[in-house]
Amino acid sequence: MTRILLIDSNPDDLERMSRYLMEEAYTVIPAGSSADALEYLQETDIHIILIDLDVKDPPWKELAIEFRKRYFQRPLQIILSAHEKRRLKDALEEGADDYIQKPVRKLEFQTRIKAAYIRLKSQMRLFEEREFFRQAVKQEEELASKILDRHLHLKQTLEVMETEKEELERSKAKLERIAKYDMLSGLLNRMSLFSIIDIEIDRALRTEDPLSGIMMDIDHFKPINDNYGHPVGDVVIKEIGRLLQETLRKYDHAGRYGGEEFFMVLPNTFKDQAFTIAERFRLSLMDCLIDTGDLELSVTASLGVAQYHSGESREAWIARADAAMYRAKQKGRNLTMME
């Protein structure tokens with residue numbers, strides 16, 4: 001059961017949003033103040049938190065930081081609400097996952113919460129994949145230990161041990177491939193992509209070199225799956241992965257962010273240079289006919305470019321690139337936009 005904590009000092013807004021959420025069968029925990037919200041966190045797990053920017057003692061920013069600390073290494077979605085849209089957009093860079101402008105409209109509000117739930121499920125899958133990888137490494141270490149014991153005590157079985165060692169190396173390579181790469185696109189999977197992003201952020205902070213990122217989304221991908229079937233959609237994903245590997249430089253990184261979204265990490269690159277790279281890929285994709293066996297498809301993509309700002313979080317950087325990509329969608333798709 002998804003539990004949502006609503007924090008709003010306006011009783012009317014609190015009652016209205018609670019009612020809208022309960023219509024969607026969510027478990028709603030209303031809090032009229034920051035202090036009440038912190039007390040609820042002592043008693044139960046929360047999945048989605050919606051904070052009004054006007055809450056005090058502590059203010060919303062300190063409250064969000066406290067939530068992140070308490071839910072470290074656990075999936076959590078934080079959504080902000082306020083009347084001023086500009087104020088919300090500025091606040092989004094502080095680490096929130098989304099925002100809702102007041103006065104809330106029922107359909108938009110319920111849709112935004114549904115999107116937060118979908119992101120939450122994706123985070124949960126990522127944590128499950130990470131646990132699988134940890135277990136796989138543990139099993140590999142146990143197997144390696146058994147082989148070492150056999151080598152020390154049964155030297156006469158050297159030939160057998162060599163065979164087992166080769167099998168272990170093949171298994172290890174396979175596990176590493178499964179753990180690191182998305183099997184469909186051939187690019188980094190989400191967990192590995194996040195690890196690379198963290199590494200490149202640390203490097204950029206240490207060397208003071210520029211770092212840019214590109215968020216890319218395939219245009220009209222859902223109709224491709226609906227009209228031609230998921231196998232055709234899989235071919236499109238594979239071809240996108242191949243084209244990205246051909247287009248990017250050898251020291252760049254590309255990963256499948258989720259579904260039809262991809263994120264590219266460009267070390268030592270200013271945003272103007274990243275824009276040129278993004279445009280080169282967009283034009284290459286636009287000119288490419290994807291052979292799916294029964295038909296050839298022409299596919300386009302929308303891209304958003306954002307340069308990393310020193311000191312900001314990984315999530316905030318990605319959110320800015322995603323916002324730029326979303327503007328490309330709004331302006332008609334098949335475009336590249338800078339932050």
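The values are calculated or read from the model by the stated rules, or taken from the named source; none is laboratory data. These numbers were taken from a predicted model, which means no experiment stands behind them. Here Cβ is always computed from backbone atoms with ideal geometry, including for glycine, and neighbour counts include all displayed protein chains. For accessibility, only protein heavy atoms count, side chains too; no ligands or nucleic acids. Shrake-Rupley method; radii C 1.70, N 1.55, O 1.52, S 1.80 Å.
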**Q.** Where labels lie 7 Å past Cα in the beta-carbon direction, separation of E142 and D90 in nm
**A.** 5.5 nm
Q: Using R₀ = 25 Å, calculate the FRET efficiency as 1/(1 + (r/R₀)^6) where r is the Cβ-Cβ separation of T300 and A115; round to 0.05.
A: 0.60
Q) Okay, helix-only estimate at 222 nm for the chain: each DSSP H run of n ≥ 4 adds -39500 (n - 2.57), divide by all residues, round to 500 deg cm²/dmol; what do you get? A) -19000 deg cm²/dmol
**Q.** the chain, accessible surface, carbon-and-sulfur percent (1.4 angstrom probe)
**A.** 51 percent
**Q.** For H253, solvent-accessible area (1.4 Å; no DNA, RNA or ligand), Å²
**A.** 40 Å²
Q | Å² of accessible area per residue within the chain, as computed with a 1.4 Å probe and no ligands counted | A | 55 Å²
**Q.** Dipole in debye (nearest 20) - the chain, about Cα centre, beta carbon charges: Lys, Arg +1; Asp, Glu -1
**A.** 240 debye
Q: Note down the magnitude of the dipole of the range 187-321 about its Cα centre, charges +1 on Lys and Arg C-beta and -1 on Asp and Glu C-beta and zero elsewhere, to the nearest 20 debye.
A: 360 debye
Q. P(r) for the range 189-339: what percent of alpha-carbon pairs falls in each 5 Å bin, starting at zero?
A. 2, 10, 20, 23, 20, 13, 7, 4, 2, 0, 0
**Q.** Label-to-label distance, nm, for residues given as D291 and H220 (7 Å Cα→Cβ offset)
**A.** 2.3 nm
Q) Counting alpha carbon pairs within less than 8 Å and at least 6 residues apart, what relative contact order, in whole percent, applies to the chain? A) 12 percent
Q | Column: log10 I(q)/I(0), Debye, Cα scatterers of the chain, q = 0.08, 0.15 Å⁻¹ | A | -0.49, -1.29
**Q.** Out-of-range pairs (alpha-carbon distance over 19 Å; input K61/K85; K85/K106; K121/K238; K89/K271)
**A.** K121/K238; K89/K271
Q) Once the other residues with Cβ under 15 Å from the Cβ of P210 are scored (Lys, Arg +1; Asp, Glu -1), what is the net sum? A) -3
Q.
Let me check I've understood the local charge: for D8, count other residues with C-beta under 11 angstrom from its C-beta, Lys and Arg +1, Asp and Glu -1. What total comes out?
A. -4
(Q) Among Y251, L38, Y181, which residue has its Cα furthest toward the positive end of the charge dipole of the chain, with +1 on Lys/Arg Cβ and -1 on Asp/Glu Cβ? (A) Y251
**Q.** Over the range 1-78 - Rg/Rh using Cα atoms and the Kirkwood inverse-distance radius
**A.** 0.94
Q. Longest segment of the chain with no trypsin sites (Lys or Arg not before Pro) in a DSSP loop having at most 13 other Cβ atoms within 10 Å?
A. 106-248
